[in-house]
Amino acid sequence: MVNVAILGFGTVGSGVAEVLTKNGGLIDHRVDDLVRLKYILDVREFPDSPYKDCFVKDFSVIENDPEVNIVVETIGGAKIALEFTTRALKAGKSVVTSNKELVATHGYELLQLAREHGCSYLFEASVGGGIPILRPLTSCLAANELTQITGILNGTTNYILTRMIKAGLTFDAALKEAQANGYAEQDPTADVDGHDACRKICILSALAFGEHVYPEQVPTQGIRDVSLEDVAYADSKGYKIKLLGRGIRQPEGKVCAFVAPHLVPNDNPLAGVEDVFNAIAVTGNAIGDVMFYGRGAGKLPTASAVVADVIDIAKDLKKDRHNSWGPGAPDLVVSSDILASRWYVRADGTADQAKQACGEIELLSRSGAPAGEVAFLTQPMTEPQVMECLKGMPVHSRFRVLE
Ligand code: NDP
Ligand code: HSE
């Protein structure tokens, strides 16, 4: 018998209980053992829950029960979740989580701790919700030197952008819908301002390039600066605006990682990723380009990834999963200033002023544009170069174009 405890009975935790129950027969068959939900820890009362007999309020009940093999941490954040995860691993219990904040900030030390105590720390659900991405990255693509990762990594912001464009919703109305669907973080500014995508590109970069990348090392811009005017201009030339997390291998083991809105050409599959869906494009030196696509948030898709990790551990409780990376370094991440690309610019001014400032440009148009507004695409240049060119112009929006 393999016993599981869930910490945090919210959107994801309740989905994990549901999947463990609904698919119990096939899970037992695949594990070749009985996998049972023994405890659920939450601060709230759930008197009407079908799992009401499992609820406990004191983590030490779980920590001290030698029958508990696997702890699922779905509380979120990096405070109490860090304490409970540390205590569970020290007690020799494997931990499975969807908590990207914790993995991105403390992943290195928690993986070390798991190894020291002969257990596992798995977090497939922490990136891309239900999309299988971390295991394929480290296992199916293990023969490659991975050179680049580009992803739509946040379901909430992709949902907001899609609903604003397709259904004409306001930003606030679209965000409310995302929250009602259980996609958003407890504090949705983590979605809107790009911090959630930042945590995910940190985890992907660590796995792909081998060293811990910390969120504070990664320049991050969210979607607050993306207006419907920008969307219309981009559309006029066959582009969609998407919030991308990017990780690019650099010489001497360095990494260039950042999060920012980009104009994505319609012939790039990332442009067609809508609603809560996420997609992650990975480039390897043997496989070339490969892409992973699916629901990036939500109760059951995320639970699907969590329970897959539970099954993996339950199949062999003592297996050393070698899921680790180096500690990182203060100078590991190089600035995205080195990266040349075309730029989308919307500014006050005329076409002539834009040409004078930036040289050869491609002008964009939209219906209802006020006199004195100009939007254009530049030739490839670095961010410091484009900022220097635009010094004299009042700029409203400036985004990279994904080549
Ligand atoms: P929720 O807020 O829905 O669930 C968290 C649960 O933990 C709540 O029931 C909360 O209670 C409870 N909780 C808070 N503090 C404690 C505590 N000290 N002890 C026990 N329980 C506690 O969050 P989600 O399920 O949405 O997210 C959980 C994690 O999964 C987060 O890290 C999130 O980033 C991640 N994630 C979420 C996805 C999604 O689609 N929602 C997808 C992928 C990852 P209360 O509500 O009373 O505070
Ligand atoms: N808030 C996150 C998102 C949950 O919207 O992508 C999934 O990690």
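Our analysis of the range 336-403 gives Rg over Rh at 0.95, with the two radii drawn from alpha carbon positions and Rh computed by the Kirkwood formula. Residues whose amide H comes within less than 5 Å of that of PHE277, counting only those at least five positions distant or on another chain, are GLY296 (H built at 1.01 Å from N in the peptide plane). Here the chain has 50 percent of its accessible surface on carbon and sulfur atoms, given a 1.4 Å probe and all protein chains in place.
For the chain, averaging the sequence separation of C-alpha pairs within contact (under 8 Å, six or more residues apart) and dividing by the residue count gives a relative contact order of 18 percent.
Along the charge dipole of the chain, which of PHE9, ILE70, ALA314 sits closest to the positive end, that is, farthest toward it, with unit charges on the beta carbon of Lys, Arg, Asp and Glu (+1, +1, -1, -1)? It is ALA314, whose Cα lies furthest towards the positive end. Rounded to the nearest 0.05, the FRET efficiency derived from the C-beta distance between SER335 and GLN379 at R0 = 22 Å is 0.60. Ranked by the mean number of other Cβ atoms within 10 Å of their residues, highest first, the peptides 350-362, 253-265 fall in the order 253-265, 350-362.
Only residues of the range 66-106 count here: report those whose backbone N is under 12 Å from the spot 7 Å along Cα→Cβ of ASP33, or say none. Of the residues in the range 66-106, 67-70, 94 have backbone N under 12 Å from the label point off ASP33. Here's the picture: charge each Lys and Arg Cβ at +1 and each Asp and Glu Cβ at -1 in the chain, and of ALA104, VAL290, ILE40 the one pushed furthest to the positive end of that dipole is VAL290. If the limit is 18 Å between Cα atoms, which of LYS100/LYS200; LYS79/LYS299; LYS22/LYS299 go over it? Among LYS100/LYS200; LYS79/LYS299; LYS22/LYS299, the Cα-Cα distance tops 18 Å for LYS79/LYS299.
Set against the 2.2 N^0.38 Å expectation for a compact globular protein, the range 148-198 has a Cα radius of gyration ratio of 1.11. If one computes the Cα centroid of the range 381-402 and of the range 71-113, what distance in Å separates the two points? Taking the Cα centre of the range 71-113 as reference, the centre of the range 381-402 is 41 Å away.
Accessible surface calculations at 1.4 Å, restricted to protein heavy atoms, place the chain at 42 Å² per residue. Restricting the range 293-354 to trypsin sites (Lys or Arg not before Pro) that sit in a DSSP loop and have at most 15 other Cβ atoms within 10 Å of their own Cβ leaves LYS318, LYS319. Size descriptors for the range 203-332: radius of gyration and Dmax over Cα atoms are 17.7, 56 Å. Share of pairwise Cα-Cα distances greater than 36 Å in the chain is 28 percent (whole percent).
If I take R0 = 25 Å and measure r between the Cβ atoms of ASN266 and ARG224 in this structure, what FRET efficiency does the formula 1/(1 + (r/R0)^6) give, to the nearest 0.05? Efficiency, from the Cβ-Cβ distance: 0.55.
Overall, the chain carries a charge dipole of about 380 debye about its Cα centre when +1 sits on the Cβ of Lys and Arg and -1 on the Cβ of Asp and Glu, all other atoms neutral. With a Förster radius of 35 Å applied to the beta-carbon distance between MET387 and ALA173, the computed FRET efficiency rounds to 0.55.
The values are calculated or read from the model by the stated rules, or taken from the named source; none is laboratory data. From a predicted model like this one, the values you see are computed outputs, not experimental measurements. Using ideal geometry, Cβ is built from the backbone for each residue, glycine included, and neighbour counts are taken over all protein chains shown. These area figures cover heavy atoms from the full protein model, side chains too; ligands, DNA and RNA do not enter into them. Shrake-Rupley method; radii C 1.70, N 1.55, O 1.52, S 1.80 Å.
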